[in-house]
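Input: a single structure, listed below in structure tokens.
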Amino acid sequence: RIKEAKIELDLAKTLDSNNIDVRLVWASFENRNKDIDAQKEWLKPLLVNVEGIPDAWSQMGEIEQLAKNLEAAEMAYTKAIELRGVVHIDTLKRALVRIAQKKYVEALEDVNTLKRAGAQWPMVGYAEGLIAYHQKNFDSAQSLFENVLSKYSDYLPARFLMGLTHFNKGNYQNAASN
């Protein structure tokens, strides 16, 4: 119901366009409309807010990650993590950015932080398996992907990497069936 949402957002904007929640929701709305420049405009004042707005930094991390500005994405997620002071999905997002940057030690630190906090999302095990895969530790990667798939059999990223792991181990029949 995009038209209804736009009407409500316009009303909120007329009431207080500087309200943090209004700006965050508008930024999300612009992201959904794939207008990244407009999203950045809504976020800009929030990124310089003295108190810091973690959700604004998280959105900025996503923008930078999509633009392949991985250093900027890592910095934005780090800022969001620091401002939150609690374990949050931003830690997982930063881990994935760090994996893309081949910063495996730092990425594994993020994964371990999530595990210690009790996060049982399929992407946590997937990220750990992805690190093992990139480090060519295929036995460990296979075990980690199998663990994810035993709980979430339809988790396609793990299934895909499981196939690649089997391929790299020379198990071509298993690779084809994954």
State all residues of segment 43-53 that are open to solvent by 30 Å² or more (accessible area, probe 1.4 Å) and touching a residue at least 12 places away in the same chain (Cβ under 8 Å); if no residue qualifies, say none. PRO45, LEU47, ASN49
Pairs under 7 Å by beta carbon, first residue in contact (Cβ under 8 Å) with a residue 60 or more places away in the chain in segment 80-105, partner not in a helix (DSSP H, G or I), six or more apart or different chains? none
In segment 141-154, anything of a type outside the set (Val, Ile, Thr) and open to solvent by less than 40 Å² (accessible area, probe 1.4 Å) is listed as ALA141, GLN142, LEU144, PHE145, LEU149
Filter result for the condition that a residue is under 29 Å from ASN147 (Cα atoms), more than 14 Å from the chain's Cα centre (by Cα) and among the acidic types (Asp, Glu), over GLU62, GLU109: GLU109
Looking at this structure, is VAL87 modelled with pLDDT under 95 and β-branched (Val, Ile, Thr)? yes
Kindly evaluate VAL111 against the criterion of being of a type outside the set (S, T, N, Q), at pLDDT 95 or above, over 24 Å from ASN174 (Cβ atoms) and crowded, with 21+ Cβ neighbours inside 10 Å. yes
Right, LEU92: at pLDDT 95 or above and either open to solvent by 30 Å² or more (accessible area, probe 1.4 Å) or within 26 Å of LEU9 (Cα to Cα) (or both) or not? no
Please state which one of ASP16, ASP10 is more than 17 Å from the chain's Cα centre (by Cα), free of Cβ contacts under 8 Å to residues at least 12 places away in the same chain and either closer than 23 Å to TRP121 by Cα or open to solvent by less than 60 Å² (accessible area, probe 1.4 Å) (or both). ASP10
Count of segment 156-178 residues which are open to solvent by less than 40 Å² (accessible area, probe 1.4 Å) and either farther than 22 Å from LYS103 by Cβ or not hydrophobic (A, V, I, L, M, F, W, C) (or both): 6
So, GLY118, is that one open to solvent by 30 Å² or more (accessible area, probe 1.4 Å), over 30 Å from ILE7 (Cβ atoms) and in a loop (DSSP other than H, G, I, E, B) or not? yes
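The values are calculated or read from the model by the stated rules, or taken from the named source; none is laboratory data. Everything numeric in this text was worked out from a predicted model, so none of it was measured. Cβ atoms come from the backbone with ideal geometry, glycine included; neighbour counts cover every protein chain shown. Each accessible area value is taken on the protein alone, full model and side chains, heavy atoms only, with ligands, DNA and RNA left out. Shrake-Rupley method; radii C 1.70, N 1.55, O 1.52, S 1.80 Å.
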